[in-house]
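Structure first, then comments.
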Amino acid sequence: QHVDTGMGFERLCMVLQGKRSNYDTDVFQPLIQMIGQLCIPNKEYGKSEKADVAMRVIADHIRAISFAIADGQLPSNTGAGYVIRRILRRAVRYGYSYLGFGGPFLTFLVGKLAQQMGEQFPELRTQQHLIEKVVAEEEQAFFRTLHQGIKRLEQALAESTGDLPGDKAFELFDTYGFPIDLTQLMAREQGWEVVSTHILENQNK
């Protein structure tokens, strides 16, 4: 189906198509264009840096998620399953924060990916309904957490005079199910850090 030269399929397409980015090639653009069409109102790629980054993250992550599920790996709280859950949640968070999605949207991209790459990777077509079902369930669960957690996190950041105390971050996780790594990411985006590493130890107990 393809030869691994170390260059990477996406980079090879970029060179052959004369593009400056992998995301400008016909490997990613069908997904990116569909993401823009799913936004209300529609968003055009190339008009906003934050929206563009969100679209690229989502297009990249839905591919990884879909292929992993098609290969038999389901989201979970441990091991490889947790990696899938984390990148799915990261994609949802970007869609929520920068594209205005208030509910599941990733699941609608699975069909486009199966249409695009299903001939070379038939498991995407044979497992499409399973992938859509798993992704939709994960999205719905995380959106509930996200709505509550972001509101509480923004309140905690507003009340803090410096970096976010570790006990506040742990409260978000323990009480509201808001992931520690997402708290750290969102705090860093505002130039702050989560202080005290014992929260990570508590999370793993």
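Some points to look at:
- Sites E119 and S21 - FRET efficiency at Förster radius 22 Å, r taken between beta-carbons, to 0.05: 0.30
- Hydrodynamic estimate: the Kirkwood radius of the range 16-104 over Cα pairs, inserted into Stokes-Einstein at 20 °C and 1.002 mPa s, corresponds to D of 155 µm²/s.
- Residue-by-residue Karplus 3J(HN,Hα) for the range 21-33, coefficients 6.51, -1.76, 1.60, Hz, glycine and proline x: 8, 4, 6, 8, 8, 6, 6, 9, 4, x, 5, 4, 5
- Using θ = phi - 60° and Karplus 6.51 cos²θ - 1.76 cosθ + 1.60, couplings along the range 126-141 (whole Hz; Gly, Pro as x): 5, 9, 4, 5, 5, 4, 4, 5, 5, 5, 4, 5, 5, 4, 4, 5
- Cα gyration tensor, the range 2-157 - rounded (a/c under 1.5), prolate or oblate: oblate
- Checked against a 30 Å cut-off, the cross-linked pairs K47/K168; K19/K133; K19/K112; K43/K168; K19/K151; K112/K151 give Cα-Cα distances beyond that limit for K47/K168; K19/K133; K43/K168; K19/K151; K112/K151.
- Of the trypsin sites (Lys or Arg not before Pro) found in the range 30-106, those that fall in a DSSP loop while having at most 15 other beta-carbon atoms within 10 Å are K47.
- Gain upon complete extension [L12, D174; 0.36 nm per residue less C-alpha separation]: 53.8 nm
- Using a Förster distance of 22 Å, the FRET efficiency for L185-R144 (Cβ separation, nearest 0.05): 0.70
- Accessible surface of the range 3-57 [probe 1.4 Å, protein heavy atoms]: carbon and sulfur percent: 53 percent
- Heavy-atom accessible area order for E139, E189, largest first, 1.4 Å probe: E189, E139
- Over the chain, accessible surface divided per residue gives 55 Å², non-protein components excluded, 1.4 Å probe.
- A136-V195 FRET efficiency (beta carbon distance; Förster radius 30 Å; 0.05 resolution): 0.25
- Kirkwood Rh in Å, taken over all unlike Cα pairs in the range 73-205: 16.2 Å
- Assigned charges on the beta-carbon of Lys, Arg, Asp, Glu; the chain dipole about Cα centre (debye): 320 debye
- Anisotropy class of the range 149-200 from Cα gyration tensor, a/c 1.5 cut: rounded
- In the complete set of protein chains, residue-level accessible area for S97 is approximately 50 Å², probe 1.4 angstrom.
The values are calculated or read from the model by the stated rules, or taken from the named source; none is laboratory data. What you are looking at is a predicted structure, and each value in this text was computed from that prediction instead of being measured. A quick note on method: Cβ atoms are made from the backbone with ideal geometry, for glycine too, and the neighbour counts reach across all protein chains shown. Surface areas here come from the heavy atoms of the whole protein model, side chains and all, with no ligands, DNA or RNA. Shrake-Rupley method; radii C 1.70, N 1.55, O 1.52, S 1.80 Å.
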